[in-house]
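To start, the structure itself, in structure tokens.
The values are calculated or read from the model by the stated rules, or taken from the named source; none is laboratory data. Just so it is clear, the structure is predicted and the values come from calculations on it, not from any experiment. Cβ placement follows ideal geometry from the backbone for every residue including glycine, while neighbour counts extend to all protein chains displayed. The accessibility values were calculated without ligands, DNA or RNA, using every heavy atom of the protein model including side chains. Shrake-Rupley method; radii C 1.70, N 1.55, O 1.52, S 1.80 Å.
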There are 2 protein chains.
Amino acid sequence: MGNASSNYLETFSDIAPPWSSSALKAKVASPNRDTFHTIGLDMSVSGKIASIKDVALAAGVSVATVSRVLSNGPVSDALRKRVEDAVRATGYRPNLSARRLRSQHSQTIGLVVSDIRNPFFTAVSRAVEDAAYRAGMRVILCNSDENPEREELYLRLMQEERITGLIFAPTRAMLDRLDGLDLDFPVVLIDRNAPTGRHDAVVLDNPRAAALLVEHLHAQGYRRIAGLFGNTSTTGQERHEGYQAAMTVRGLTPAARFLAPHADAAEAAVVEWMGQRDRPEAFIVSNSLFLMGVVKAARRLKLTIPDGIAVAGFDNEPWTELVGPGLTVIEQPVQDIGQSAMALLFERLEAPDRPSRRLVLGGTCVVRGSTAARMADAD
Amino acid sequence: MGNASSNYLETFSDIAPPWSSSALKAKVASPNRDTFHTIGLDMSVSGKIASIKDVALAAGVSVATVSRVLSNGPVSDALRKRVEDAVRATGYRPNLSARRLRSQHSQTIGLVVSDIRNPFFTAVSRAVEDAAYRAGMRVILCNSDENPEREELYLRLMQEERITGLIFAPTRAMLDRLDGLDLDFPVVLIDRNAPTGRHDAVVLDNPRAAALLVEHLHAQGYRRIAGLFGNTSTTGQERHEGYQAAMTVRGLTPAARFLAPHADAAEAAVVEWMGQRDRPEAFIVSNSLFLMGVVKAARRLKLTIPDGIAVAGFDNEPWTELVGPGLTVIEQPVQDIGQSAMALLFERLEAPDRPSRRLVLGGTCVVRGSTAARMADAD
DNA sequence: AGTCCAACTGTAATCGTTTTCACTATCTCC
DNA sequence: GGAGATAGTGAAAACGATTACAGTTGGACT
């Protein structure tokens with residue numbers, strides 16, 4: 001393959017050309033061309049899907065007429081019937097690649113998130129996909145794993161797919177570069193967003209949400225409230241800011257750490273932290289992975305929740321209700337976030353010149369036992 | 001729009017043709033054609049992405065030469081350099097629709113699951129996507145919501161996309177119909193599978209896994225072991241069979257119910273069941289939603305786990321470790337399932353005629369506190 | 001010097017659609 | 001009964017790539 005040179009030349013789907021000895025990803029590349037055995041029942045036994053030309057032939061009309069029938073164009077009833085019959089008889093299905101090429105509309109939107117296994121993104125992606133399919137569009141989903149290089153790779157893929165728009169939860173690193181990039185489609189940021197605001201965005205009111213948690217814990221009698229925040233996204237930052245401000249305003253001393261978004265990291269941090277003097281009474285954590293970490297740490301330290309260690313966090317996943325006395329969390333309007341992102345995208349497509357907008361949605365504080373009123377005193 | 005007639009004529013991406021007054025899904029349909037404003041920096045300021053023709057023009061060569069450069073064909077170093085420069089200068093990105101049309105390889109695989117929010121499918125889909133992208137393929141994901149009509153709809157979509165293969169977790173209803181269908185791509189079933197075995201499949205050894213749970217509970221001293229199984233998939237059936245057999249063999253009386261796959265259904269069933277005399281000592285449930293339902297029911301009935309009610313289920317999700325004394329579950333090799341499905345698919349593409357294969361993977365029983373040894377006696 | 005071959009390169013056909021344009025009926029209206 | 005609209009139809013040109021085929025070199029060999 002010689003000179004890979006610049007990645008400007010890389011493409012995604014390598015199809016084995018005649019000169020390449022078809023090694024490479026040969027396993028997949030070009031199996032055999034004539035497709036798979038079909039079982040009778042249908043006229044389309046030849047192995048290849050019928051094209052519009054076949055339909056035209058079968059109906060005795062021109063391809064133009066078939067096309068018009070398919071898109072409800074002006075066609076006489078007689079011919080329309082004949083074409084419809086021919087469509088059925090041949091088992092015709094339009095070829096979307098051809099249609100997209102010709103029409104210059106991919107009817108596809110991109111969705112790039114860090115990891116679909118993060119339940120927040122799972123829920124958002126489901127909402128996005130539903131909205132997309134409802135509008136007759138398809139979704140291409142990519143997992144960046146919080147890795148800027150993969151993000152860039154996938155942005156190129158999106159260009160090659162000629163997507164009509166992108167919904168994107170970028171890393172901080174990508175966020176900085178994003179404004180400089182020259183993409184051929186509009187971008188709607190979700191979950192994270194740039195201060196510059198060149199792009200549309202829909203985000204949670206993170207500072208307010210974090211403040212809600214502080215407020216709640218404070219009201220319940222907690223004073224030494226520590227914070228754990230993710231270090232890859234702006235979300236972590238914003239939640240930290242809200243936490244910091246809310247603490248300060250109440251005369252409390254903020255004590256925050258920034259961690260990689262893994263349960264293990266949180267667990268280790270908590271275990272270590274609770275070993276120090278002036279150990280926190282409560283933790284506020286910026287995502288559900290950290291929530292797990294705290295619960296695990298509590299178990300390891302044999303601390304009960306909330307007496308030994310209170311905790312509140314983000315994302316109202318089904319299980320948060322079930323662990324211990326229930327975990328107090330900020331519920332994000334995931335459905336709404338996904339739908340709004342699609343809505344913003346569609347509006348942007350309609351009016352490309354409109355100034356960018358930032359949709360800030362409020363979270364709800366779901367109070368559970370993990371932040372029950374602090375008992376008399378422990379230390 | 002007139003006669004919708006048969007759905008043979010429906011297509012997915014409706015692009016507003018000149019005669020339609022572009023009402024319809026107009027919001028999305030065809031915004032304005034000349035695309036979005038680009039900010040200098042790049043030569044590609046015209047708004048349209050450069051095509052191979054533009055590159056050829058810029059480099060002063062034929063399109064064939066450009067194409068060859070892009071696919072590492074035989075080109076002199078001098079021309080290659082010129083073309084590469086031109087690619088960079090024009091900001092060229094290949095058009096995948098065109099490439100797919102011409103090459104007749106969509107390099108796309110379909111993935112149809114019931115709901116991506118089911119963590120089992122989340123994990124599997126992630127594994128599938130990773131494997132696919134690694135092989136230079138894309139994935140189209142669809143959520144059927146256990147609805148056969150949507151499944152059928154999506155199968156048609158897959159045909160229109162000319163996917164090279166499908167990974168599919170069908171409902172029981174679809175499973176019956178599947179063999180009769182005449183699809184133009186190979187199908188690999190996951191999680192659920194037909195007894196007929198016309199298609200490749202990769203599934204858990206469900207009977208064995210369920211038996212493992214019975215065996216374990218029995219060894220722990222439980223005797224009245226009830227079962228809750230999903231009623232939409234073959235998975236539920238198979239797990240029931242395993243349960244039934246393992247109970248019988250031990251001289252225990254099976255008592256099973258089939259429910260719609262929702263936590264609420266399970267909760268209600270358990271609450272009601274525990275109100276009867278001869279109430280179960282333990283529950284075996286066939287998915288993680290039911291697991292939640294049982295835990296909720298226990299809480300509502302103020303029964304502790306496992307003394308008041310023992311429980312074991314399927315899917316080792318992170319949270320199962322955290323609730324109560326930890327939940328005993330069968331861990332499915334989700335990663336492996338996804339990867340194996342892709343592997344089977346690739347092998348099938350290589351050898352379309354090979355007889356179909358069924359890959360049965362074993363689950364691991366992760367023992368936790370929810371099935372601790374039964375205390376002296378309660379009743 | 002003439003032949004042959006290897007190594008490049010360009011021309012043009014093709015993939016399956018949509019859409020413009022020209023054309024033919026058919027109908028309406030004086 | 002002819003002019004002029006109207007509706008329906010087909011031929012052919014795109015869309016952006018890949019690739020078979022036919023040249024065109026230049027060098028090696030006889």
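Here are some notes:
- Rolling a 1.4 angstrom probe over the range A:52-94 with all protein chains present gives an accessible area of which 57% lies on carbon and sulfur atoms.
- Rolling a 1.4 Å probe over the protein heavy atoms of the range B:117-214, with every protein chain left in place, gives an accessible area that is 50 percent carbon and sulfur.
- DSSP beta bridges fully contained in the protein assembly as shown are about 10 percent antiparallel.
- The amide H of residue B:167, built 1.01 Å from its N in the peptide plane, has B:110, B:111, B:112, B:188 as neighbours under 5 Å, considering only residues 5 or more places off or on other chains.
- Compactness of the protein assembly as shown as Cα Rg over 2.2 N^0.38 Å, two decimals: 1.04
- Projecting the Cα positions of A:186, B:255, B:228 onto the charge dipole of the protein assembly as shown (unit charges on Cβ atoms of Lys, Arg, Asp and Glu, taken about the Cα centre) puts A:186 furthest along the positive direction.
- Charge dipole (debye, nearest 20) of the range A:110-228; +1 at Cβ of Lys and Arg, -1 at Cβ of Asp and Glu: 460
- For residue B:223, inter-copy separations between label points set 7 Å beyond Cα along the Cβ vector come to 5.7 nm, shortest first.
- For the range B:253-371, the per residue solvent-accessible surface stands at 39 Å², with DNA, RNA and ligands left out and a 1.4 Å probe.
- To the nearest ten degrees, helix A:334-350 and the longest principal axis of the Cα atoms of chain A are 50 degrees apart.
- Taking all protein chains together and a 1.4 Å probe, the residues A:239, A:80, A:134, A:358 rank A:134, A:358, A:80, A:239 from largest to smallest accessible area.
- For the range B:52-94: relative contact order, % (alpha-carbon pairs under 8 angstrom, 6 or more apart): 46
- Nonlocal Lys pairs with alpha-carbon distance under 29 Å, the protein assembly as shown (8 or more apart, or different chains): 17
- Buried surface between chains A and B: roughly 10200 Å² of accessible area, summed over both sides, computed with a 1.4 Å probe on protein heavy atoms only.
- Amide hydrogen proximity for residue A:222: with H placed 1.01 Å from N in the peptide plane, the residues at 5 or more positions away or on another chain lying under 5 Å are A:374.
- For the B-to-A rotation axis, chain B residue with nearest beta carbon and its distance in angstrom: B:319, 2
- Pseudo-label separations to other copies for residue A:277 - Cα-to-Cβ vector, 7 Å, nm: 6.5
- J(HN,Hα) series, the range B:87-103, from Karplus relation 6.51 cos²θ - 1.76 cosθ + 1.60, nearest Hz, glycine and proline x: 4, 4, 5, 8, x, 5, 9, x, 8, 5, 4, 5, 4, 5, 4, 5, 7
- Its Cα gyration tensor gives chain B an equivalent ellipsoid, and the semi-axes of that ellipsoid, as √(5λ) in whole Å with the largest first, are 52, 23, 21.
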